[in-house]
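A short worksheet on the structure shown next.
The values are calculated or read from the model by the stated rules, or taken from the named source; none is laboratory data. Source: prediction; values computed, not measured. Please note that ligands, DNA and RNA were not included when accessible areas were found on the heavy atoms of the full protein model with its side chains. Shrake-Rupley method; radii C 1.70, N 1.55, O 1.52, S 1.80 Å.
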Amino acid sequence: MELGAGLESGGIFASSSVKNEEGGVAVHQIRMEFQLNGGNSWAQAKIHGIKYGSKPVQLISLGVSNMDAALNGGWAEVTVP
């Protein structure tokens, strides 16, 4: 999937989802870790999203890391508006 300006998503390393009900509304949460590819380099990304009822999924958090930092636990958290 193309993410813009030569940046593409790669393989998914891990994912999980949970479905609950809150006040009669279905709540679906998802977490995913995946590879980002761009030219000859790559990085790793992790996301957390939530979906209330039939509304679109909202991005709660986005973290990005290069290979070395991903292996050592160093993530840059991207500000989500």
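According to the Cα-based calculation, Rg over Rh for the chain is 1.04, with Rh computed by the Kirkwood formula.
Over the chain, with every protein chain in place, what whole percent of the accessible area is carbon and sulfur at 1.4 Å, could you tell me? All intermediate terms of the calculation are to be shown ahead of the outcome.
Details: 3100 of 5680 Å².
Reported share for carbon and sulfur atoms: 55 percent.
Cut-off under 17 Å on the C-alpha distance; same-chain residues fewer than 8 positions from Lys19 excluded. Which lysines are left, in chain and number order? Answer for Lys19, where 17 Å is the Cα cut-off: Lys51, Lys55, listed by chain and number.
When ligands, DNA and RNA are left out and all protein chains stay put, how many square angstrom of accessible area per residue does the chain have with a 1.4 Å probe?
Working: 5680 Å² over 81 residues.
Result: 70 Å² of accessible area for each residue.
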